[in-house]
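One structure below.
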């Protein structure tokens, strides 16, 4: 099976290229940026480039996108061109070429305003049944691209699976108050409780989606580390998150104290990955408990793959060439 990976010079794209190549897969990378993992340099919104890339392809993993951090540097038309037109161009080329499966990388940011409950309310339990309320052009264009995947599946039978991935990037938090108050590694380990995944687990979810897409046909899935919480914890999580974590992980504070770390005072949402685990046969490893075990052993909590990919940033490329890199 020949697999096309778009956004192959980006965080997830490179990770997928590394792993799929190591698996012995016939894999082709497409991106606007040259890299050791990009075979075709071009835009997903360029129909000619896409036709050339899709020709002879059996499966597509579409990770190329403008991201949330680009909201401050790119216009809405650029977001539509990349995230919507680019996705439609790929979908139409896939149908024309007889591609057998299409995996689209979306984002939990698509849930938007549904993620933050009103003051005094419990934390939000976020699964695939929650209706997105996008808060910016990034969320609007990702949900539009998801809907195009569903439309093309219904009209043409192309198996399409959508993975709404939570945070997996290594860059610092986008909130000044969080960056100022917490060590970066502290933030990321805290987030494994409710809104983060290791890139190794995200890659594995995409591999599982590739395998299951023909059987499932169409589906949306939340891809995040498995949370230790239940719905019964939501009220206390919003009011006193350290108390809940202390009850579930009695020794966590000693591990944190050694590093001068702190738990967040409040957690406002919990991503539920149960459907992805059940329907994709996905078994993520890098959750909060796993991170604690590695920290106790004096080890890095991130996977080897996460460390190998490292931080790429979102704006460190020339303006004219950066708009489609994932």
Worksheet item: Given the structure, is residue 146 at pLDDT 95 or above, under 17 Å from the mean Cα position of the chain (by Cα) and either under 19 Å from residue 269 (Cβ atoms) or in a helix (DSSP H, G or I) (or both)?
Response: yes
Worksheet entry | Members of region 9-25 found to be free of Cβ contacts under 8 Å to residues at least 40 places away in the same chain and either within 16 Å of the chain's Cα centre (by Cα) or in a helix (DSSP H, G or I) (or both), listed by number | 17, 21, 22
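Conditions tested, residue by residue: (1) surrounded by fewer than 23 Cβ atoms within 10 Å (Cβ to Cβ); (2) modelled with pLDDT of 95 or more; (3) in a helix (DSSP H, G or I); (4) in contact with a helix residue (DSSP H, G or I) (Cβ under 9 Å, 6 or more places away or on another chain).
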position	(1), (2), (3), (4)
27	no, yes, no, yes
36	yes, yes, no, yes
44	no, yes, no, yes
88	yes, yes, yes, yes
94	no, yes, yes, yes
109	yes, no, yes, yes
Practice prompt. State whether the residues of region 201-215 include one that is closer than 21 Å to residue 112 by Cα, within 17 Å of the chain's Cα centre (by Cα) and surrounded by 21 or more Cβ atoms within 10 Å (Cβ to Cβ).
Written response: yes
Practice prompt. Quick one: residue 125 ticks every box in (1) at pLDDT 95 or above; (2) touching a strand residue (DSSP E or B) at 6+ places or on another chain (Cβ under 9 Å); (3) loosely packed, with under 15 Cβ neighbours inside 10 Å except a single one, so which number is it?
Written response: (3)
Worksheet entry | Residues satisfying the stated conditions in region 228-248, i.e. within 25 Å of the chain's Cα centre (by Cα) and farther than 16 Å from residue 117 by Cβ | 228, 230, 245
Discussion item. It is to be established whether one or more residues within region 227-234 are out of contact with any strand residue (DSSP E or B) (no Cβ under 9 Å at 6 or more places or on another chain), surrounded by fewer than 20 Cβ atoms within 10 Å (Cβ to Cβ) and not in a loop (DSSP other than H, G, I, E, B).
Written reply: yes
Response to the item:
When region 270-322 is checked residue by residue, the ones that are modelled with pLDDT under 95 and not in a helix (DSSP H, G or I) are 310, 311, 312, 313, 314, 315, 316, 317, 318, 322
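The values are calculated or read from the model by the stated rules, or taken from the named source; none is laboratory data. Just so you know, these numbers come straight off a predicted model, no measurement behind them. Cβ coordinates were reconstructed from backbone atoms using ideal geometry, including for glycine residues, and neighbour counts include every protein chain displayed.
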